[in-house]
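To start, the structure under review is shown below, and the notes come after it.
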Amino acid sequence: MASLELLGFGSTGWGALLIAAALMTLAVTATALAIGAVLGAIVAAAKLSGNLILVTLGNVYTTVFRGVPELLIIYLIYFGGSSAVTSIGQAMGYEGFLGLPSFVAGALAVGIISGAYQAEVFRGSFLAISKGELEAASAIGMHRGMRLRRIIMPQVFRLAIPGLGNVWQLSLKDSALVSVTGLAELMRTSQVAAGSTRQYFLFFIAGGCLYLLLTSLSDRIFNGAERRANRSMPASAMGQA
């Protein structure tokens, strides 16, 4: 009974705070995925450009941010970003420390990590496009912009959905590391609730259940998006993809 009260929505319950923390986790992950999509598209284009310098820069980006521990990147963005903001403020005459907001630092750090994985997803999706389609588009006189808009982008998006679903799940779990910045996301709130009540098992299990709920719902959404994107594709083409 005491456990139900602690997880409830009454005056002594943590239910509302845990739900709010789960929503904060979703907000961080969604923002990070959007940042990563922009960075990933740019890096994928660089790696596909054929230009040695751009290809090298793209390879360095994906190698570094997929190889360095996520927590280290979060620390670098949070503390390094705060130092940079403070330096800018002092140059403008402001005295004192200016900290980078935890949400901004967390979403940016997870987004940079996500971008390294999304770059490979987009690159692989582009390479999976039938070369015959692109050659046919060129043969009928489609200019580059029209090919990009009518053939490449729709195909890349369709083929990238499964990979993006995996990146989303990865970013969702990485968002737990943002708790080190003090942001009241799901992991941080579970820790605070457990420490305040000494009910560590209860609140860490509750936090884990909420993470599982978020990942399960995410799976259903991405699976639905994949089915919708492939609804006009013949079964043979879907099997080849």
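No lab work stands behind these numbers, since they all come straight from the coordinates. Being a predicted model, the structure only gives us computed values, none of them experimental. Every residue, glycine as well, gets a Cβ built from its backbone with ideal geometry; the counts of neighbours run over all protein chains shown.
Structure notes:
- All Cα pairs of segment 1-129, percent lying beyond 20 Å: 60
- Each Cα pair under 8 Å and six or more residues apart adds its sequence gap; the mean of these over the residue count of the chain is a relative contact order of 25 percent.
- Equivalent-ellipsoid semi-axes of segment 134-197, from the Cα gyration tensor, Å, largest first: 47, 10, 6
- Segment Q90-V55, extension gain: residue separation times 0.36 nm, minus the distance between their alpha carbons: 8.8 nm
- Isotropic mean projected area of the C-alpha convex hull, the chain (nm²): 18.3
- Computed from the C-beta positions of R147 and V104, the FRET efficiency with R₀ = 35 Å rounds to 0.45.
- Using alpha carbons only, the radius of gyration of segment 55-129 set against its Kirkwood radius gives Rg/Rh = 1.14.
- DSSP H segments from the chain that extend 18 Å or more along their own axis, Cα-based, with Kyte-Doolittle mean of 0.5 or above: 15-48, 52-67, 102-127, 200-229
- Between the beta carbons of E135 and F201, assuming R0 = 51 Å, the FRET efficiency works out to 0.25 to the nearest 0.05.
- Centre separation in Å (Cα based) which lies between segment 1-57 and segment 190-231: 12
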